[in-house]
Amino acid sequence: MTDFSATRAAFHLPEGMIYLDGNSLGPLPRSAAARVAQTMTAEWGDHLITGWNACGWMDMPARLGDRIGRLIGAEPGHVVVGDTLSIKVFQALAAAIKLTPDRRVILSDTGNFPSDLYMAEGLISLLGPEYELRLVAPEEVADAISEEIAVTLITEVDYRTGRKHDMAALTQKAHAHGVVTVWDLAHSAGALPVDLAGAKADFAVGCTYKYLNGGPGAPAFIYVSPRHADNALPALSGWLGHDSPFAFDLGYTPGAGIARMRVGTPPIVQMAALDAALDAWDDVDMNDLRAQSIVLSERFIAGVEATCPDLTLASPRDPVQRGSQVSFQFAEGYAAIQALIAHKVIGDFRAPDIMRFGFTPLYLSEDDVDAAVDILARIMRDRLWDTPDFKQRKAVT
Ligand SMILES: *Cc1c(COP(=O)(O)O)cnc(C)c1O
């Protein structure tokens, strides 16, 4: 059994705070600050340019990729870290669509995160007017897969409701119709077991600042199946994805396998923080994590439904159909979340009326859940959210 008291001790959480927002930005792993300081002074400070070789900086994107790969069921050597998730969505989509040259439709769903859809629109504007982004309701994706579709672009866990797609079943259906799959794991990596190889996923992307706790602006990752790794064109053909970057050829030759999905100079300081953050996962069994995540989220739902009649569950009731977050609808949800934050319970709000709470067994206990429910119940019962201050919208919600 995974020892979650040990993983909890690995994180810095401010005294008295109950953090239910690790699905947006994970907390600081205690070892990350020291690791970053060491990278700054002992590596950058003392080695300067020679650090690229002496300190292993150039290998970090692949090394960290493999550490994440273990958590998402990827074959070793098929994940690389870099850039931001939006960029990796574009890159995966561009590579995927080239693999189905006679098809023109990208299929996604209305529960997807807008940036994924915006990046698809941007790609289509380059490809030409014969291409189309087709959006259907999340529960209609399976039926919308046909010979007309080139690529599915699906986020496994819905960022607002936590609704989870069946990756294996959808991938199987897609392949039966000759469709290439791109999976976004933003709310899956570090949240639940993922089996990319077992599901035969084609491409996958995700970020590392949510459940993986890599810190604000931590780089993204991309997975390319071994079936495609040596023929997928990276589209963003930067020099560090070149077969031999230091030959400085005038023409682009893609590197071998996943190396071609690198673009430019990796952010070493941010990667040092991520490297330290990934240590917390070394002794975690993802099945234990999933079981405990369900315990915490079921406890939260039961507590809120017993004490807050004005809140309506917006997530699937069956835990198997959810990721590691729970959402409730409430017309004044923004103000209620502000009131919760003022009482040191941190959740977040997603327009138009979703109060969203992430459950992260690495550093959250059942006592934390009970305390959060008590505070939320008091805020709702005494209408503590009903003040002009709490209704005033901030830039980042
Ligand atoms: C968080 C998230 C993003 C954010 O992309 P960035 O480029 O890292 O800002 C994109 N897609 C999904 C599905 C997300 O959940």
**Request:** For region 196-288, just run the numbers: alpha carbon Rg, then divide by 2.2 N^0.38 Å, N being how many residues it has.
**Result:** 1.25
**Asked** In what order do Phe359, Phe330 fall by count of nearby beta-carbon atoms within 10 Å, going from fewest to most?
**Response** Phe330, Phe359
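Of Lys88/Lys173; Lys173/Lys210; Lys164/Lys210, which pairs sit farther than 27 Å apart, going by alpha carbon to alpha carbon?
Lys173/Lys210
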**Theoretical FRET efficiency, 1/(1+(r/R0)^6), r = Cβ-Cβ of Asp370 and Asp102, R0 51 Å, to 0.05** = 0.35
**Asked** Taking only DSSP H segments of four or more residues, each worth -39500 (n - 2.57), what value at 222 nm results for the chain once the sum is divided by all its residues, to the nearest 500 deg cm²/dmol?
**Response** -10500 deg cm²/dmol
**Complete:** In debye to the nearest 20, the charge dipole size for the chain, taken about the Cα centre with +1 at each Lys and Arg Cβ and -1 at each Asp and Glu Cβ, equals 440 debye
**Asked** Over the C-alpha atoms of region 33-279, what are the Rg and the largest Cα-to-Cα span, Dmax, in Å?
**Response** 18.0, 58
**Complete:** Among beta bridges assigned by DSSP with both residues in the chain, the antiparallel ones amount in percent, to the nearest 5, to 55 percent
**Item:** Computed lengthening from Thr312 to Asp249, 0.36 nm per intervening residue step minus Cα-Cα distance
**Value:** 16.7 nm
**Asked** Which angle between 0 and 90 degrees, to the nearest 10, do you get for helix 167-176 versus the longest principal axis of the chain when only C-alpha atoms count?
**Response** 40 degrees
**Request:** Whole number please: convex hull volume per residue, Cα atoms of region 245-397, in Å³.
**Result:** 191 Å³
**Prompt:** Where the centroid of each part is defined by its Cα atoms, how far is region 213-278 from region 356-397 in Å?
**Reply:** 39 Å
**Request:** Output ³J(HN,Hα) for region 26-42: one whole-Hz value per residue in order, computed from phi by the Karplus curve 6.51 cos²θ - 1.76 cosθ + 1.60 with θ = phi - 60°, and x for Gly and Pro.
**Result:** x, x, 6, x, 3, 6, 5, 4, 5, 5, 5, 4, 5, 4, 5, 8, 6
**Asked** Amide H of Leu28: which non-local residues (sequence gap of 5 or more, or other chain) have their own amide H closer than 5 Å, using H built in the peptide plane?
**Response** His12
**Request:** Between Arg227 and Asp3, take the C-beta separation as r, use R0 = 41 Å, and let me know the FRET efficiency to the nearest 0.05.
**Result:** 0.65
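Here, each number is a calculation from the coordinates, and none is a lab measurement. Computed from a prediction, not measured in an experiment: that's the story for all the values here. Glycine gets a Cβ as well: all are built from the backbone with ideal geometry, and neighbour counts include every protein chain shown.
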